[in-house]
Amino acid sequence: MNLVEFLNQIWTQILQVTAIFVTPDWSFLISLLPVIILLGLVGPFLTGLMLGTGAYLATKPRTKVAFEEGPRLAEIGPGGEPVFPVGLPHCRRDALIFASGTLRCDRCRDELAVICPMCGLGRSALIDTCSNCGLVLKVKTRAVAVRTTAGPKPGGAAAA
């Protein structure tokens, strides 16, 4: 075998390998078209949807809350007297506001008082009916109260 035949044989093999890529089997490629569309269009869309949802869930604004446990001090009004919220048991001696369902003060062991939400009359937390207006206010134990740690943004909604 001489050098020219050897080079012709190598060249023929190169052309045969190139022919596979240059003149493909079109029926096979057409049968792959749904897979190519699925991987090329639907796949990136679903990936973007998942990444976008994950990014939103990771960065969405959350309310900062603090769990209130036990009694809390009542706010002081302009006259220097404690201001008690209506419907919650409170101790007038210690100026403490207790969770709903509490009947006695933890510090002084006095009976707690409740302000009627309808008429504003104060009464003992042991009595569930207001003697003035007849409102039945059963003070029941409820879940832990949650209060936001920060108020609204400065300027309110108008600043947005």
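The values are calculated or read from the model by the stated rules, or taken from the named source; none is laboratory data. Keep in mind the model is a prediction, meaning the values are calculated, not measured. Cβ: placed from backbone, ideal geometry, glycine included. Neighbour counts: every protein chain shown. Accessible surface is based on the protein model in full, side chains and every heavy atom, while ligands, DNA and RNA are left aside. Shrake-Rupley method; radii C 1.70, N 1.55, O 1.52, S 1.80 Å.
For this structure, a couple of remarks:
- The residues of the range 52-110 present an accessible area of 70 Å² per residue when probed at 1.4 Å with all protein chains retained.
- Per-pair calculated FRET efficiency, R0 = 35 Å: C133 and R107 via Cβ, rounded to 0.05: 0.70
- Estimated at 0.36 nm per residue, the fully extended path between Q16 and I36 surpasses their Cα-Cα distance by 4.5 nm.
- Accessible surface of the range 1-43, 1.4 Å probe, proportion on carbon and sulfur as whole %: 77 percent
- Of the peptides 84-95, 125-136, 40-51, the order by per-residue mean of other Cβ atoms within 10 Å, starting with the highest, comes out as 84-95, 125-136, 40-51.
- Rolling a 1.4 Å probe over the protein chains gives V83 an accessible area of about 80 Å².
- Estimated FRET transfer efficiency when R0 is 35 angstrom, pair C119-E69 (beta carbons, to 0.05): 0.65
- In percent, rounded to a whole number, the relative contact order of the range 1-133 is 12, using alpha-carbon pairs under 8 Å and six or more apart.
- FRET efficiency, 1/(1 + (r/R0)^6) with R0 30 Å, evaluated for E5 and S27 via beta carbons: 0.25
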